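Enquirer: Okay, handing you the structure first.
Every number here is computed from the coordinates shown, using simple stated rules; none is lab data. Just so it is clear, the model here is predicted, and its values are computed rather than measured. No Cβ is skipped: glycine too gets one built from the backbone with ideal geometry, and neighbour counts run over all protein chains shown.
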Amino acid sequence: MKNQKRNAIIRLIVMAVLMVNMVLTLAGKNPIPFDEAELTEWLTVAAAGLSTLWSWWKNNNVTTAAQEAQNTLKAIKEDGDGSDGAVFEEVEEGDVE
């Protein structure tokens, strides 16, 4: 559901930018007042910034311990509650505080 909302917002933003670009072009204005070198430089900086943010945001499991923890988390999520005992020892109801 979150992906659908994100994708819809991206499509609306792209459409709005293209509409503004079209209106400016029809009015005889230059919608992108940059030369090719400036545009390339700006796009490179933007791509580097976005890739940095994306790498920082994602969970990068580099160490063995982090990979094992991710596998444990994945097993818990798939199982729902870990009731098969594969991840943790089963706890009897009386043992839970």
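Enquirer: In nm, to one decimal, how far is the SER55 label point from the TRP42 one, both placed 7 Å along Cα→Cβ?
Expert: Placing both labels 7 Å along Cα→Cβ, they lie 2.5 nm apart.
Enquirer: For labels at THR63 and LYS77 in the simple 7 Å Cα→Cβ model, what's the distance in nm?
Expert: 2.1
Enquirer: In terms of the Cα gyration tensor, with a ≥ b ≥ c the square roots of its eigenvalues, is the range 17-78 rounded because a/c is under 1.5, prolate because a/b exceeds b/c, or oblate?
Expert: oblate
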